[in-house]
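Each value in this text was obtained by applying a stated rule to the coordinates, not by laboratory testing. These figures come from a predicted structure and were not determined experimentally. With ideal geometry, Cβ positions are generated from the backbone for all residues, glycine too; neighbour counts draw on all protein chains shown.
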Amino acid sequence: MATLPELARGHAALDEARVEHLQDLARVWGLLADLSFADLLLYARKPAGSDRTLVLLGHMRPTTGTTLYRAALVGQVFEPRRRPLIVEAFEADEAVEGIVDVGSDRSVHVTAVPVRRHGETIAVLARERLQPADRPGSEQERTYLTVFDRFARMLERGEFPYHDEERLRHRTPRVGDGLLLVDADGRIEFASPNAVSTLHRIGVTRGVTGARFDDTGLGSSMLRSAFARRTAVIDEMERPDEVAVVSHCFPLLDGGTATGAIVLVRDVTELRRRDRQLVSKDATIREIHHRVKNNLQTISSLLRLQARRLSSDEARAALGESVRRIAAISVVHETLAQSAEDDLAFTEIVRPLVRVVEESVSSPLRPVSFTVEGDAGAVPGQVSTTMAVVLTELLQNAVDHAFPVEGGTVRIQLDRRTDGLSVRVVDDGVGISEGFDVADATGLGLTIVRTSVEGELGGRIRLVPVEGGSGTVAEVWVPSSRLVGPWGDSRDPL
Ligand SMILES: Nc1ncnc2c1ncn2[C@@H]1O[C@H](COP(=O)(O)OP(=O)(O)OP(=O)(O)O)[C@@H](O)[C@H]1O
Ligand SMILES: [Mg+2]
C-alpha cells in the first residue's frame, strides 16, 4: 500500500513542505476523529490541467464512535463527480457541509474542510458520519463537537497542525484517556469522566470545572508555554507516591491568539511501574552474572592456594589447568554481565580467551602470536560457555604441543554461516601424526573438547594436518539449531 507521502507526491504533485504539513496532520488527527465521533478522510487532487481526480491520502477511524468503513480505502482514486462535496471545498476554498445518500436508507453527513498552508488549499479533510438522529447529545458530545469545529477552523486558517510540536516517544494520549477543555484564562470549562478520575488520583477531589488548570498540579507552566508558543506541549508529572500522569496540551488558536486549550491526560502510573520493573530485572540478571564470575574467581584463587602447597609438579600442573579452564568460563560471565541479553557476540570473547592462554605460555624464547579472523555472530550464553572451554583447550594444545623448538602463529578463524558456526584453530607448528583421530585421544583436553562438541552441542570436531604445509587445523562445527537461545528468532513466537 502506498504511503501518504508517496500518494501526495505521486498523485497530487505536492512538494516536500506541503507533504510535511499533511504528515504533521496525519500524526495528530486521531484527536480530531475522536472529537467528532466520525471517520476522517483526507483527499488531495491532481494539479490543474489534468483530469483533477481525487486521491484518498489517509483515513482515521474514531475510537469514540463506530466507523463507517471497514475496508482499507487509502490510495483509492475518485472521479471528481463522485465526490462533489470534496471538489466544492477545493473550489470554494471554504468548508462545505452536505448529506450524501449511500444505499436506500442510509445517508452520510459530510463536512469537508480545506487544509490550508500559507493561504493555499493543499488538501481537503472530510468528516463523515451517519446522519445523526434528531436527539440532543450529551454535554460531552456537544463539547467535543464544538472543539472539533474550533480545530476545523484552525485547519482552514493554517494554524493546525502546529509547527515545532513536541512529540511523545510512546503513543500520544487519545481523547478517551481523559480530556480537559480550558478557556483563555486558564480555567477548566469541561472535564471528561476519565479526566476527572485522573485528577482525583493526583488529589484534585472536587470542583474540577471552574478550577484553574495551573492549580491541578499537572504542570503549571504547560498552559502558558502552549499559549505563548502556539504549539502542542507535553508534560509528565510523577508524585512521590509514584502516581504518574502524562498531559498533552493543544492550544486552540484564532488568528494567532490562544482562545483556550484542550489537555489530554493519561494516567501512566502502571506503565511507569512496569518500565521500572523491567529495568530492575535487567539489572538483576547482570548482577547474577557478575556474582557467578566473582565466585569462579574465588574458586580459582582457592585452587591456586592449594597448588602452592603441593610438592608434586604433576599435581600442581593439573590444578593450574583447572584454574585456566575456570578462567575461560568466567570470561563468558564477565561479558554476559555487561549486557542484559542472553546472547553474546562470541567474537568479542575470543581475545580475552587468548589472553587466558597467553598467560600460560612460559617461554619467551618461543613466542606465539595469535590472530583472529572472521565473525562468529551472536551465540546463546550457555553455548558460549561450552565453546569458550573448547576454544581454550584447542589454543592451549597449540601452545603446548605445536611449538616445541621455536615460536609460531596461531590463527583463529570464525565463520558464521546459515547452517551453523565453524571455529578453526590453525597453527604452523610441528603438526600431528598422519591418521591422528580425536576419538582415540586419551588426554583430558581433547576428551573435554570431544564430549562438549559432540555431546553438548551436537556438533563435530576434527584435527587434521595443514594441507601442503606444516601445522595442525582443529575444526569445530556447531549446527545452527544450537545457536538460537530460548528466545531466539527461529522459534515460533506463539
Ligand atoms: N596443535 C597441536 N599440535 C601438535 N599436537 C597436538 C596439537 N593438538 C593436540 N596435539 C596432540 O594431541 C594430544 C592430545 O591432546 P590433549 O589436549 O587431549 O592432551 P594434552 O594436551 O596432552 O593434555 P591436557 O590437555 O589434558 O593437558 C597432545 O598430547 C598432542 O600430542
Ligand atoms: Mg591439551
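Of all DSSP bridge pairs formed entirely within segment 365-494, close to 70 percent run antiparallel. Measuring max minus min along each principal axis, the C-alpha atoms of segment 370-494 give extents of 58, 29, 22 Å (largest first). Of all DSSP bridge pairs formed entirely within the chain, close to 90 percent run antiparallel.
Across segment 295-301, rounded Karplus estimates of 3J(HN,Hα) from the backbone phi angles (6.51 cos²θ - 1.76 cosθ + 1.60, θ = phi - 60°) give 5, 4, 5, 4, 4, 4, 5 Hz, Gly and Pro being marked x. With both labels modelled 7 Å from their Cα along Cα-to-Cβ, the residue 484 to residue 288 distance reads 2.3 nm.
Across segment 285-291, rounded Karplus estimates of 3J(HN,Hα) from the backbone phi angles (6.51 cos²θ - 1.76 cosθ + 1.60, θ = phi - 60°) give 4, 4, 4, 5, 4, 4, 5 Hz, Gly and Pro being marked x.
Remark: spin-label model distance residue 348-residue 118 equals 4.8 nm, labels positioned 7 Å along the Cα→Cβ axis.
Express in % the proportion of alpha carbon pairs of segment 175-267 at distances exceeding 22 Å.
Values: 764 of 4278 pairs.
Summing the P(r) of segment 175-267 above 22 Å gives 18 percent of all pairs.
A dipole drawn for segment 365-494 from +1 and -1 charges on Cβ atoms has a positive end, and of 391, 481, 441 the residue lying farthest that way is 481. Where the centroid of each part is defined by its Cα atoms, how far is segment 258-325 from segment 420-471 in Å? Centre-to-centre distance over Cα atoms comes out at 33 Å. Among 293, 46, 281, sorting on how many other beta-carbon atoms sit within 10 Å of each Cβ, with the fewest leading, yields 281, 46, 293.
Given Cβ point charges of +1 (Lys, Arg) and -1 (Asp, Glu) and nothing else, what value in debye, to the nearest 20, does the dipole of segment 65-134 about its Cα centre take?
Approximately 340 debye in magnitude.
Based on DSSP H segments of at least four residues, each scored -39500 (n - 2.57), the chain has a per-residue ellipticity at 222 nm of -12000 deg cm²/dmol. For the peptides 237-244, 69-76, residues were scored by their other Cβ atoms within 10 Å and the scores averaged per peptide; the highest-first order is 237-244, 69-76. Summarising the amide proton neighbourhood of residue 130: residues at separation of 5 or more, or on other chains, whose placed amide H is nearer than 5 Å comprise 109.
Taking the beta-carbon count within 10 Å as an exposure proxy, list 6, 20, 128 from fewest neighbours to most.
Values: 6 13, 20 16, 128 21.
Sorted ascending by nearby Cβ count, the order is 6, 20, 128.
Remark: C-alpha extents of the chain on the principal axes read 100, 58, 40 Å, sorted largest to smallest. Segment 71-90 and segment 178-217 have Cα centres lying 40 Å from one another.
Going from the fewest other Cβ atoms within 10 Å to the most, the residues 163, 118, 109, 333 appear in the order 118, 163, 109, 333.
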